[in-house]
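Visitor: Sharing a structure with you now.
The values are calculated or read from the model by the stated rules, or taken from the named source; none is laboratory data. Since the model is a prediction, treat every value here as computed from it, not as a measurement. Please note: Cβ atoms are built from the backbone with ideal geometry, for glycine as well, and neighbour counts cover all protein chains shown. These accessible areas exclude ligands, DNA and RNA; they are computed on the full protein's heavy atoms, side chains included. Shrake-Rupley method; radii C 1.70, N 1.55, O 1.52, S 1.80 Å.
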Amino acid sequence: MPLINTKTMFKKAYRENYAIGAFNVNNMEIIQGITEASKELNSPVILQVSAGAIKYANPTYLIKLVEAATIECANIPIALHLDHGDSFELCKSCIDKGFTSVMIDASYLDYEDNVALTKKVAEYAHSKNVTVEAELGRLSGIEDDVNISEEDASYTDPAQVEDFVTQTKVDSLAIAIGTSHGAYKFKRGQKPKLRFDILKEVEKKLPEFPIVLHGASSVIPEFVEIINQHGGTIPDAVGIPEEMLKEAAKMAVCKINFDSDLRLAMTATLRKYLAEHPSHFDPRQYLAPAREAIKNMVSHKIKMVIGCENKA
Ligand code: G3H
Ligand code: 13P
Ligand code: ZN
């Protein structure tokens, strides 16, 4: 089937209390690993591309690789989504190139300007049957060149969500409840905590409306250890406990974003493989297990965390 937008995906996910995984893609092996897992588990999937991915890979390559995946996985609903678009121009160019969903992340602006820019993107996107995600509140962590410190991060204010969605007419909303981007989400010794009270308030204000969680990687210790044992240095990396994500997926959260966990799985596999096979230099030798690691990580998320197995 051709690429689809997120509308029907989210409607079903909301009603049946699961979430769709949104995985960041940067190259062929990552796209293949994610979509092979989705196909095997008969699961819908969102492939998302950041501005950094566009800069790295060239959008045409990514779009054509994703289109290839729709042919290889003909029975799986796949959406191609722009992750953290920060301007009307970037969103428009992705929409014009065939993306079926975009995020306008104007959370760096004040409320009124966030509304104005988000509304402009939503009007254009909807005229092309493209769905729109926006963000209210600010996550801490690192996205591309933007490094948002904990002091500048702020939880979503539930009092604003109804007005924001009514004015902008967006199709889904990313909220800040304590998740953050990257591999260092909590300090060593700090107990991971998500503000489920805010999520519940938002849910009450926006019945049946799809909520999105960014920064949701769990930073699985096994992979951090493999990296650190094979020449890497990523000490004190901590993520979101999977139990919390499972709970969120049963609530209004319909899309959960994962990037760091895929990066860690791929890096751990590559480091270990190259350390154990010092004479190998054919990229296919080390990229094949790396691709398999992506597939295994996505299968794990689908089966054990977000619950969208057999929901295609
Ligand atoms: O939210 C950020 C995603 O992990 C994408 O990361 O901007 O480095 O491609 P990136
Ligand atoms: P992680 O860094 O937790 O994987 O979050 C990714 C993300 O939110 C992409 O938009
Ligand atoms: Zn994000």
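Visitor: Is it the case that some residue within the range 41-57 is without any contact (Cβ under 8 Å) to a residue 40 or more places away in the chain, open to solvent by 10 Å² or more (accessible area, probe 1.4 Å), hydroxyl-bearing (Ser, Thr, Tyr) and not in a helix (DSSP H, G or I)?
Guide: no
Visitor: Which of the residues that make up the range 69-92 are part of a helix (DSSP H, G or I), open to solvent by 40 Å² or more (accessible area, probe 1.4 Å) and touching a residue at least 24 places away in the same chain (Cβ under 8 Å)?
Guide: Within the range 69-92, Glu72, Lys92 qualify.
Visitor: Identify, please: which residue in the range 254-281 is of a type in the set (A, V, I, L, M), within 16 Å of ligand 1 (Cβ to nearest atom) and open to solvent by 10 Å² or more (accessible area, probe 1.4 Å) and is, among those, nearest to Ile175 (Cα to Cα)?
Guide: Result: Leu264.
Visitor: It is to be established whether one or more residues within the range 282-295 are closer than 17 Å to Gln32 by Cα, within 16 Å of ligand 2 (Cβ to nearest atom) and not polar (S, T, N, Q).
Guide: So far as the range 282-295 goes, yes, one or more of its residues are closer than 17 Å to Gln32 by Cα, within 16 Å of ligand 2 (Cβ to nearest atom) and not polar (S, T, N, Q).
Visitor: Related question: Give the range 93-132 a look and list any residue that's of a type in the set (Asp, Glu) and either surrounded by 15 or more Cβ atoms within 10 Å (Cβ to Cβ) or more than 18 Å from Thr166 (Cα to Cα) (or both), or say none.
Guide: Asp96, Asp105
Visitor: Under 8 Å by Cβ, and 6 or more places apart or on different chains, what pairs join a residue from the range 165-188 that is within 15 Å of Gly239 (Cα to Cα) and part of a strand (DSSP E or B) with one that is hydroxyl-bearing (Ser, Thr, Tyr) and within 16 Å of ligand 1 (Cβ to nearest atom)?
Guide: Here the result reads Ser180/Ser140, each pair linking the range 165-188 to a residue that is hydroxyl-bearing (Ser, Thr, Tyr) and within 16 Å of ligand 1 (Cβ to nearest atom).
Visitor: Would you confirm whether or not the range 152-170 contains a residue that is at pLDDT below 95, under 30 Å from Glu67 (Cα atoms), within 16 Å of ligand 3 (Cβ to nearest atom) and open to solvent by 70 Å² or more (accessible area, probe 1.4 Å)?
Guide: Within the range 152-170 (the criterion being at pLDDT below 95, under 30 Å from Glu67 (Cα atoms), within 16 Å of ligand 3 (Cβ to nearest atom) and open to solvent by 70 Å² or more (accessible area, probe 1.4 Å)), the answer is no, since none of the residues qualifies.
Visitor: Find all pairs meeting these conditions: Cβ atoms under 8 angstrom apart; at least six residues apart or on different chains; first residue within the range 271-288 and over 24 Å from Val224 (Cβ atoms); second residue open to solvent by 60 Å² or more (accessible area, probe 1.4 Å) and basic (Lys, Arg).
Guide: none
Visitor: Oh, and also: Which condition number in (1) free of Cβ contacts under 8 Å to residues at least 40 places away in the same chain; (2) in a helix (DSSP H, G or I) is the one that Pro207 fails?
Guide: Against the list (1) free of Cβ contacts under 8 Å to residues at least 40 places away in the same chain; (2) in a helix (DSSP H, G or I), Pro207 comes up short only on (2).
Visitor: Could you count how many residues in the range 250-290 are of a type outside the set (A, V, I, L, M) and either within 18 Å of the chain's Cα centre (by Cα) or within 16 Å of ligand 3 (Cβ to nearest atom) (or both)?
Guide: 9
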